[in-house]
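The values are calculated or read from the model by the stated rules, or taken from the named source; none is laboratory data. What you are looking at is a predicted structure, and each value in this text was computed from that prediction instead of being measured. Note: ideal-geometry Cβ built from the backbone for every residue, glycine included; neighbour counts use all protein chains shown.
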Amino acid sequence: MDLEPRRLVVLHTVHQAGGIAAAARLLGISPSAVSQTVRRLEQEAGAPLLDRADGRAELTRTGLALAAHGGRIAEELCGAERELTRTGTAGVQGPVSIGSVLAVLTTLVARATASLAERYPALRPQLRETSTADGLRALRQGALDVLLITGDQEHRPSPPPGCGLKVLAQEQYRVGVPSVWGETPAGAAALAAVPWIEAPDGSARARAHARLAAELGLPERPTAHQATNWSAVAAMVRAGLGAVVLPGSVASRTPGLTLLPVPVPGTFETLVLHRLTGPGQVSAPVAAVLTRLAEVTLDVAEELSRAGLLEHEPVVRTVLV
C-alpha cells in the first residue's frame with residue numbers, strides 16, 4: 001500500500017473541521033478538490049474512508065485510523081513551520097507600506113495590519129487607503145510595498161514591473177433586490193423592468209452586471225442609480241432604490257437585501273500585488289504581510305460560514321508566498 005502523506009493530512013483536516021466544505025476553507029482549496037483527494041486516498045487504501053450516506057461526511061473506522069496518521073504528519077509540518085518562523089523573525093523588521101481599497105480595508109486589511117505588530121515587534125506596518133489606480137501608481141513608483149484591491153477574474157490588472165500578483169480569495173456574484181419591494185421579480189422580463197444600482201465603468205461589479213445583462217437579455221444600461229462603495233449600496237438598498245449585483249460575501253451581509261436564485265457569470269476576486277526583490281522573491285516584511293493577510297482572510301470566511309451567511313463557499317488561498 002502506497003499512501004500519499006499530503007492526502008492523509010487532508011483527511012485529518014476533514015475530520016477536524018467536521019466536513020468537506022470546512023476543510024476546504026482551512027486548506028485554501030475548493031471543496032471539490034478536497035473530495036477528489038479523499039477519493040484518491042480511498043483508492044490507495046482500497047477501502048471507503050467517508051460515510052457519505054444522507055449527505056454526511058463522517059469518517060469510517062479505517063478513515064479515523066488514517067486520519068490519526070495524518071494528524072501526526074500535520075503536527076510535524078507545523079513544528080517545522082514554527083522553527084522556520086522562529087529563525088526568520090529577525091529579518092521581519094522595519095517599515096512596510098500597505099495600500100488598500102476601501103472594500104477590503106474595512107473587512108480585512110485593517111484587522112491584519114493591527115495583528116502584524118503583535119507578531120513581529122520590529123515590523124512597522126503603515127496602512128493607507130487608496131484607489132486601484134492610485135495604488136498601482138504608488139506600487140510602481142515604490143511608495144507601496146503591498147497593495148490590496150478587488151477585481152474580476154476575467155479582467156485582472158497586470159502587475160507593475162518588479163511586482164507580483166497573487167489571488168487572495170475568489171467568490172461568486174449574487175443578485176439581490178430590496179426586501180421592501182415585497183414581491184421579488186422573477187425571470188428576465190421582470191428584472192429588465194426594475195431599476196438597478198450600478199457600479200462605475202470598469203469595476204468588477206460593473207463587469208459582472210454587464211455579463212448578467214447579456215445572458216438574460218436585459219437592457220444594456222438598465223440603471224437608475226450608481227454607487228461606488230458598498231456602504232452606499234447598502235444605503236440605496238435600504239431605501240428600496242434598486243436591484244444590485246454584489247460579491248456573495250457582501251450580498252449576504254447587506255441589510256434589507258433579498259437574494260435571488262439567479263446565477264451571475266464570472267468570479268469576484270481579492271487580489272494582492274506586491275514588490276519583488278528578485279524573480280519570484282519577496283522581502284521578509286512583505287512575506288510576513290502576505291502570510292497574515294491569508295490567515296485573516298481565512299478567519300473571516302470561517303466566521304461568515306459559522307454565522308450561516310455564505311450560501312457558496314469562497315476559495316481562500318492560504319499559501320501566497
- [ ] Take the range 215-246 and flag every residue that is within 22 Å of residue 183 (Cα to Cα) and assigned to a helix (DSSP H, G or I).
- [x] 216, 233, 234, 235, 236, 237, 238
- [ ] Tell me, yes or no, whether the range 281-291 has at least one residue that is closer than 24 Å to residue 124 by Cβ and touching a Phe, Trp or Tyr at 6+ places or on another chain (Cβ under 7 Å).
- [x] yes
Task: Options 191, 212: the member that is surrounded by 15 or more Cβ atoms within 10 Å (Cβ to Cβ), at pLDDT below 90, in a helix (DSSP H, G or I) and not basic (Lys, Arg) - done: 191
- [ ] Tell me which of these residue 282 doesn't satisfy, since it passes every other one: (1) over 17 Å from residue 105 (Cβ atoms); (2) surrounded by fewer than 19 Cβ atoms within 10 Å (Cβ to Cβ).
- [x] (2)
Task: From 107, 89, 85, residue being assigned to a helix (DSSP H, G or I), at pLDDT 85 or above, of a type outside the set (Asp, Glu) and closer than 22 Å to residue 293 by Cβ - done: 107
TODO: Specify the residue that is nearest to the chain's Cα centre (by Cα); the eligible residues are those in the range 247-286 that are without any contact (Cβ under 8 Å) to a residue 40 or more places away in the chain and assigned to a strand (DSSP E or B).
DONE: 281
Open item on the list: Just to check your reading of the model, which residue among 147, 212, 246, 241 is within 28 Å of residue 133 (Cβ to Cβ) and in the same structural domain as residue 298 (by TED's automatic domain parsing)?
Closed with: 147
Task: Residue in the range 114-131 that is buried (at least 22 other Cβ atoms within 10 Å of the Cβ), within 19 Å of residue 204 (Cα to Cα) and not polar (S, T, N, Q) present - done: no
Open item on the list: Checking the structure you have, find out if any residue of the range 244-265 is touching an Asp or Glu at 6+ places or on another chain (Cβ under 9 Å) and of a type in the set (D, E, K, R).
Closed with: no
Task: Residue under evaluation residue 179, criteria (1) of a type in the set (S, T, N, Q); (2) over 26 Å from residue 295 (Cα atoms); (3) crowded, with 21+ Cβ neighbours inside 10 Å, criterion not met - done: (3)
Open item on the list: Go through the range 4-35 and report how many residues are under 21 Å from the mean Cα position of the chain (by Cα) and part of a helix (DSSP H, G or I).
Closed with: 17
Task: Hits in the range 218-233 - residues which are out of contact with any helix residue (DSSP H, G or I) (no Cβ under 7 Å at 6 or more places or on another chain) and surrounded by fewer than 20 Cβ atoms within 10 Å (Cβ to Cβ) - done: 221, 223, 224, 226, 228, 231, 232
